[in-house]
Each structure stands twice: as structure tokens, then as C-alpha cells.
Amino acid sequence: CFALAQTTPDRTPKVIRAVRAEVPPAIDGVLDDEAWTAAPVARNFHPAPNDPLLLPPWRDDSWRPPPPGDQMPIGGFIDIDTEQETVHPTEVRIVYDDSFIYVGAVMYQERDTINATERKYDRFQLRFEDYIQVNLDTFHDHKSSYVFLVSPLGVRWDARDGVFDRNDSWDADWTVKTTIEDDRWTAEMAIPIGVMHHNRKAGETWGINFRRRVSLQNESQHWNYTPDAGVPGRAQGPKFTADFGHLENLDLSQSTIDRRPRVEQYVASGIRRRPGSDEYHSRFETGLDLEMRLNSHWVATFAANPNFVEVAADEGDIQNRDTARFLEERRNFFKEGAELFRTPINMYDSRNILDFDAAAKVTGTGDNWSAGTLTLHGEGELSGENANITVARAIFAPTHDLQLGSMLVAIDRTDGYNVVGGFDARYEINQTNTLTSQYLYMIDEGRDDFDGPGGRDTTQSEHGFITAFEGGDDPWFYRIDFTDISEDFEPDLSFVPRRDIVGPTV
């Protein structure tokens, strides 16, 4: 170990002023376009806490980053905010037009130390490789963000962070090209503004952050980083959504919204002979998925008799645990807005819906609000066939520190019904402490697989409740919660690992 100079750095969020590109850069992995010459540069990335890769104090610390436009030399540079010298310098540039946010990033690193082998899009393993990550909080509400990540091989990974969880299944059509040189690798991205919820106004400010990962050295860097910002567990991006810098002066009044429907249709047919017979059996199926952005805030999705045969298999995982593992959704209909339906007690897990004949969904987000609803007719793991399912979710933030939510899941099945609804709240007491609560009430009629001799076929009322107080700052974090989930609290679409529990956890 070695000591670092004791300073009191300025914790004011870093700012990038948005620059409009008159001629957009060509996305070819080389930052030689004229648009980049006027682009602001994000430098002075902060090492993450306990990052071992800080250069020793006997290194010459007189060097400082060159002015914008000059080449960054190989080696370390002093982060003026923290007086910590990182081993691998990083530069990121931002420009935009009415259609795209363009990101140009240069990661200085020797070629033989780059770790990148994965070539499949959106794979979990990408987080164990080198990458540059961009997060965009489009409403600057510190509650949600879009995540765009790319490896040196140009392999993409994207997601959307919500208040209570990350939606890894969210997908966007964005372009990226990378190049690898002897002393650096470079990435150019074009992220469509229209795939993200946003305000079509002039003078907009977005939250923004960048994260650089050098996996073989276990090195992480963040552009905007505040070690004493606490642990608001609601977000998962580069550090936390609440700790982003600012992208200012965006004129999005004429931003491009692609309202053309995205349609996926399939037709399947076949003929086979019945076993032990000369008769032939023919089969014909067809179905479609349709997704359409209504405006900059709302997206509508429809599906009829979808084909799930080509859905990617779940990634392999071995865990020593006595409860089920929560699996991400991979079917197109359920992806958009999935993070809106996540709550502290997960009363809606779409993986419990096995198949459906027809479905419709609308989800949206704006300033201080989010909402979503879906309805479908199909088969559930607990609901059985021919079930009518309705899910509704609403979130409202009356103040910056307080968020209120409500949710309803109603299922009309052939043997009765299952209805569960409730309220949730999240309050930021201060910068480092939060209080979260949720109460749910379930009414079920007709299901005969509840605990007890012979089951029950009468109306059953159950409840679930949780309240949690959590926070702290590095390196001390804490969580104190009280949970009360009744014995038969098992909504048809829920993911509740444990029931019949009551008491605190510290």
C-alpha cells in the first residue's frame, strides 16, 4: 500500500455542453471526421474505490492531460479531481443531430493486454471483458437510464435501468464500429434518439456517464464519480444513476421519431404420417409481432399467436441455493418497458406466462411519471389455459426525493380468478439513505393447490409487505428490512422465492 495526497476534491457534477454536428461523423471506428474536432472531450476518469491500479507516488506527477485536440500520450495521467493517477487514459467525445447521439471513445491500452473474445450480441459474459459503457438519463430524473456497452471487438450490449431493477432484455437498433491499434482501441457509436423516451424540447439536459473496464488488470474507471454519494440501490449503471454528470443544451425540438411499425411475421407448416397408419397429418401456423412508437413518450406492442421456437436459450448457470432463479425475459413482446413492472416484491414475472393467442401492451415514461399496461389471452404456469390476464402499473414522483407507485395484476381463469394489487413508495431521506416500502393484497378463488389437506376451493385472501431502510457510503453499507409474507401468498404470475415469513433482516 502507499499513501495518496489528502485533498478535498470538488464534487460538483461534471458537465458536457452538447454540440450539434452539421455533418454527422461516419461510423467507421476512426475519429478523423470534422465533427469530432469541435466535440467536447470527457477526460479525467476516476478509478473506482479500492482499484489497485494506481501508479505509485514516486512516478513523476508533473504531467497533465494535453489540451483538447492533442494526442493523449501512452502511460498514466493525473486525475486533477482526485490526484490519483490511472494507468489507462480514456477520452470520450459527444456530438448529436436530430436523429442520433454520436459517441467517439479512445481507450489507451497496449494491444497485448486487451481482453475481448465474446462475439455474440447481448451476452452476459461481456461484463468480464474490456469495454466502454455509455449511460443516458434522458429525463435527468436520477431514476432510470439507458445503457450502451461495447467491447474492443465491436460486440454490443444494451439495457435499461429502472428504479427497482435492470431490464437486460431491452434491445435497441444502434450502430458501432471499433478499431484496435498497438497502443489503443477506438469505438464510434451512433445511438438513435428515437429509441429512447425523451422530451422533444430545446435546451434539454440529460444525465450522462461513462465507464471504462480493463478486465485483466481489474481496473474500472468512471467519468463522473462521487465516493460519498451513498448507495441508492435503485440503479445499476456506472456507479449509480444519481451520480451522473450532465449533458447540457440539447435541442431536441425536432428529434426524429420513427413511427413506422416494426413487424415480425412467421409462417410454419408441415406434413407427417401418423405412427402406425397411412394417414397424414398437416399443420399450418402463422403469427406476428408488431411494435410501434406512438411518440417520444409512448410505445405500443401487439402480438398474435407468436412463435417462441427461436427464442435464445437461457445462459448456463450453477448456483447453490434452495429457491428458484429469476430468469430474464427473451420474448419480444415482453421486452419493452419490462423494468416498469418490477417492484420490491415481484408480483409480475412474465416467464410464468407460457403461451398466448393474442396480446397488447402500451408503456411510457415522461417527466416524473411512468406507466404501462398489458392484456393477453393465453396459458400461465399456475393459471392454466384460456386465462385472461391484465397487468397495470403507474409511477409518479411528486418531488425529487419521493416516488409513489401502484400495480394491479388480475387473472380470470377457467377455475376462478386471482387478483393482487398494492402500493409502493421510495423516499430518499438524504444523499446516502433511502426508505422503501410495499404492501400487496391478494384475493384468489378456485385454485386447489394451496397448502393444506385436500387443497382449498374457496376464496383465499393473503398479503405481502416489506419495508427496507438502506444506505451508507464507501466502504460501509447497510440494509435493515422487515418482511411479512403470508403462507399462501402466491399470485399466479409472481416470483416470490420465500413465503410464510415474518420478521426483520439486518
Excluding residues fewer than 8 positions from Lys361 in its own chain, the lysines with Cα under 30 Å of it are Lys120, Lys143, Lys201, Lys335
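For the pair Arg273 and Arg325, what calculated FRET efficiency results from E = 1/(1 + (r/R0)^6), where r is the Cβ-Cβ distance and R0 = 41 Å, to the nearest 0.05?
Efficiency, rounded to the nearest 0.05: 0.50.
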What FRET efficiency, computed as 1/(1 + (r/R0)^6) with R0 = 25 Å and r the Cβ-Cβ distance, is obtained for Phe284 and Thr375, rounded to the nearest 0.05? 0.40
Points 7 angstrom from Cα along the Cβ direction at Ala360 and Thr179: gap in nanometres? 5.1 nm
Equivalent ellipsoid semi-axes for the stretch 89-172, as square roots of 5 times the alpha carbon gyration tensor eigenvalues: give them largest first, rounded to whole Å. 23, 18, 11
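Only four residue types carry charge here, +1 at the Cβ of Lys and Arg and -1 at the Cβ of Asp and Glu. Report the dipole size of the stretch 132-182 about the Cα centre in Debye, rounded to the nearest 20. It would help to have the intermediate numbers written out before the result.
Values: 5 positive and 10 negative charges, 11 e Å.
Dipole about the Cα centre, nearest 20: 60 debye.
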Under 19 Å from the Arg499 label point (7 Å along Cα→beta-carbon), backbone N, the stretch 358-402: 380-385
Just to be sure I understand the model, the point goes 7 Å from the Cα along the line to the Cβ. What's the resulting Thr459 to Asn249 distance in nm? 6.3 nm
So, R0 is 25 Å and r is the distance between the beta-carbons of Asp415 and Leu294; what FRET efficiency does that work out to, to 0.05? 0.10
Give me a comma-separated list of calculated 3J(HN,Hα) values for the stretch 20-33, in order, Karplus coefficients 6.51, -1.76, 1.60 applied at θ = phi - 60°, integers in Hz, x for any Gly or Pro. 7, 8, 5, 10, x, x, 6, 8, 10, x, 10, 8, 10, 7
Less than 16 Å from a label point 7 Å out along the Cα-to-Cβ axis of Ala304: which backbone N atoms in the stretch 351-370 qualify, by residue? 356-361
Table column - 3J(HN,Hα) (Hz), the stretch 265-277, Karplus curve with 6.51, -1.76, 1.60, x for Gly and Pro: 10, 9, 9, 9, 8, x, 9, 9, 8, 5, x, x, 8
Most to least packed among 40-46, 349-355, 198-204 [average Cβ atoms within 10 Å]: 40-46, 349-355, 198-204
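Every number in this text was worked out from the coordinates using simple rules, so none of it is lab data. Keep in mind it's a predicted model, so treat the numbers as computed, not measured. Every residue, glycine as well, gets a Cβ built from its backbone with ideal geometry; the counts of neighbours run over all protein chains shown.
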